[in-house]
Amino acid sequence: MRARYLLLLGFGPAIAAAACAYPEFEYECRFGTDEGCAYGLRCALLDATSMSFGCVEAGPKQAWQRCSSDADCATGTLCDLRYLACKPVCSSATDCRFTVNDGAASYEVQGECIDALGGNGKPLGSGLKHCTASCEPKSASPCDKGSNVKCFLRQNLGFDCGLGGLSGLGQGCGDALDCGVGLVCVKVNGAGVCAAWCDNVNGTCQGTNGVCVGFSSPLSYTKGASGNVQYGACAP
C-alpha cells in the first residue's frame, strides 16, 4: 500500500496586534459602513481588547495582503488578527466570490463568511465578519505571496490566506503556518516537515524524482472547469 501523509493544519500563533496610540476622534463610527466618519476616512477597530472603533485614513493594504492591525487595511476590509492578513468584510457568503489564477487558468471560487477572530483565536464579537479566500494552495492565489501571505487549510473552513512562517522546503514545522508560501506541513517519521503542495496524487512531482503523496484523509480542491482535484504533498 502506498504511503499517505498526515496533514498538519494551520492553527497559527496567538499573536495580538500591537497596541497603537491614536488621537481622539470627533466621530463615533459604525464598522463596515464607515457611518460617522468624515469623507475619506474609514471606521477601524483600534483596540481588540476594549473593542473600540475610530475613524482613520484608509490603510494601504488591500485584501489578502499582510497586516498587523486593522488600521493597515483598505476600506471594505479588516485585519484578520489571528492570521495577519486583510480580508473583505462580509454579511453573508454571497459577498465572498473571488477569482483565482493558479498560473494555468482563472476561475471563480466561493469563500465563507465567518466571525472575525482576535489574536487569541476567540471571536471578536460586535458582528465583525470577513470572507475566507478559498485560495489555491500551490500558487497561493489570491493571497499576496510577495509579503509571505500563504494559502493554508483553515481546519473545517476550507483554504484561506494567512501569514506564513520562515521554514523552507524540508525544514521542521509544528503546523501549516510555520511553512512558507506553496508549502504544507506534513508528518514524516513522526516529525513535522515542510513539503511542497502537489495536485497529481501518485504522479511524479515537478522538478524532482519524488511522487505526489496523498493525505490519509483525502483532500480535494475545486479548480473551475476541472472540478474537484485531489491534492497531496511532494516528499522533501
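The values are calculated or read from the model by the stated rules, or taken from the named source; none is laboratory data. Since the model is a prediction, treat every value here as computed from it, not as a measurement. Positions of Cβ are backbone-derived with ideal geometry, glycine not excepted, and every protein chain shown enters the neighbour counts.
If you go through region 30-50 one residue at a time, how many are under 17 Å from Leu128 (Cβ atoms), among the hydrophobic types (A, V, I, L, M, F, W, C), assigned to a loop (DSSP other than H, G, I, E, B) and out of contact with any Leu (no Cβ under 7 Å at 6 or more places or on another chain)?
1
Please determine, by comparing only the residues of region 196-221 that are hydroxyl-bearing (Ser, Thr, Tyr) and out of contact with any Phe, Trp or Tyr (no Cβ under 8 Å at 6 or more places or on another chain), which one is modelled with the lowest pLDDT.
Taking the candidates together, the pick is Thr208.
Identify, please: which residue in region 151-164 is in a loop (DSSP other than H, G, I, E, B) and touching a strand residue (DSSP E or B) at 6+ places or on another chain (Cβ under 6 Å) and is, among those, modelled with the highest pLDDT? If we take residues in region 151-164 being in a loop (DSSP other than H, G, I, E, B) and touching a strand residue (DSSP E or B) at 6+ places or on another chain (Cβ under 6 Å), then Gly164 is modelled with the highest pLDDT.
Restricting region 79-106 to residues that are touching a His at 6+ places or on another chain (Cβ under 8 Å) and surrounded by fewer than 24 Cβ atoms within 10 Å (Cβ to Cβ), which is farthest from Leu128 (Cα to Cα)?
If we take residues in region 79-106 being touching a His at 6+ places or on another chain (Cβ under 8 Å) and surrounded by fewer than 24 Cβ atoms within 10 Å (Cβ to Cβ), then Pro88 is farthest from Leu128 (Cα to Cα).
Quick check on my filter: what residues within region 165-184 are small (Gly, Ala, Ser) and part of a loop (DSSP other than H, G, I, E, B)?
Scanning region 165-184 gives Gly165, Gly168, Gly170, Gly174, Gly180, Gly182.
The test for being modelled with pLDDT under 90 and either surrounded by fewer than 21 Cβ atoms within 10 Å (Cβ to Cβ) or over 26 Å from Ser68 (Cα atoms) (or both) holds for Gly224.
Any residue at all in region 107-116 that's touching a strand residue (DSSP E or B) at 6+ places or on another chain (Cβ under 8 Å), assigned to a strand (DSSP E or B), of a type in the set (Asp, Glu) and surrounded by fewer than 19 Cβ atoms within 10 Å (Cβ to Cβ)?
The answer is yes, given that some residue of region 107-116 is touching a strand residue (DSSP E or B) at 6+ places or on another chain (Cβ under 8 Å), assigned to a strand (DSSP E or B), of a type in the set (Asp, Glu) and surrounded by fewer than 19 Cβ atoms within 10 Å (Cβ to Cβ).
Screening Leu128, Leu117, Leu124 for residues that are at pLDDT below 95, within 16 Å of Leu81 (Cβ to Cβ) and under 14 Å from the mean Cα position of the chain (by Cα) leaves exactly one candidate, Leu117.
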